[in-house]
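All remarks here apply to the structure that follows.
The values are calculated or read from the model by the stated rules, or taken from the named source; none is laboratory data. The model shown is predicted, which means the values in this text are computed figures rather than measured ones. We place every Cβ from the backbone using ideal geometry, glycine too, and count neighbours over all the protein chains shown.
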Amino acid sequence: MFDVLSRMMRTGILTETFPASHRIAQLQKHIHGVYGRALGIRVVDAGSCNGCELEIQALNNPYYNLEGFGINLVASPRHADLLLVTGPVSVNMAEALRRTYDAVPEPKLVIAIGDCGACGGAFGSSYASCGAVANVIPVHLTIPGCPPAPVEILEGILEAAERMSGELHS
């Protein structure tokens, strides 16, 4: 037991740094200013390897506490304000993605997560893949990485909410 404790003391904390709390307060103000309530996010897997989904689900753990910021993952696009789309869009998912996008009420945001969502990644465009999410629906923000860290995804959501707030108030 002593060996484990001493190793923990020598190693230190290995997790990434968390966004500053003042930035979190700004996010909550923006979300409530734009939507008047919590921000609803619908996650759409358009053909990914599930690496990005694992990082998105990590946002729900107690360390990141996504729901504590006023951000909820929702099951229906009709309850969503923002779409998080992962993976290169497979040909079989293109129509489903378009229908999901159409079902989200205005104002709506779309964030393409990961290298695959941003440009098609290693899969690119082929007979089975439409490539980037932007080839199928309009994208407001891309978050690069394979997969991006939860903090990067959270900061991307922050940036998209700030952009939307600026567009609505101008």
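Which residues, taken from region 39-73, are assigned to a helix (DSSP H, G or I) and among the β-branched types (V, I, T)?
Residue satisfying the conditions is I56 alone.
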task = Keeping to region 98-123, report how many residues are in a loop (DSSP other than H, G, I, E, B), touching a residue at least 12 places away in the same chain (Cβ under 8 Å) and closer than 14 Å to S48 by Cβ.
result = 3
Of all residues in region 132-149 being closer than 18 Å to L59 by Cβ and surrounded by 22 or more Cβ atoms within 10 Å (Cβ to Cβ), the one that is modelled with the highest pLDDT = I143
ask   = Right, L66: out of contact with any Gly (no Cβ under 7 Å at 6 or more places or on another chain), surrounded by 21 or more Cβ atoms within 10 Å (Cβ to Cβ) and of a type in the set (A, V, I, L, M, F, W, C) or not?
value = yes
request  = Go through region 124-155 residue by residue and tally those that are in contact with a Leu (Cβ under 8 Å, 6 or more places away or on another chain) and outside any strand (DSSP E or B).
outcome  = 8
key: Residue within region 89-97 that is in a helix (DSSP H, G or I) and closer than 21 Å to L54 by Cα present   = yes
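Per-residue answers, yes or no, for (1) of a type in the set (A, V, I, L, M); (2) more than 13 Å from A46 (Cβ to Cβ); (3) in contact with a helix residue (DSSP H, G or I) (Cβ under 8 Å, 6 or more places away or on another chain):
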position: V104; (1), (2), (3): yes, yes, yes
position: Y127; (1), (2), (3): no, yes, yes
position: C130; (1), (2), (3): no, no, yes
position: E152; (1), (2), (3): no, yes, no
ask   = Looking at S125, S129, which one is farther than 15 Å from A38 by Cα, hydroxyl-bearing (S, T, Y) and buried (at least 16 other Cβ atoms within 10 Å of the Cβ)?
value = S129
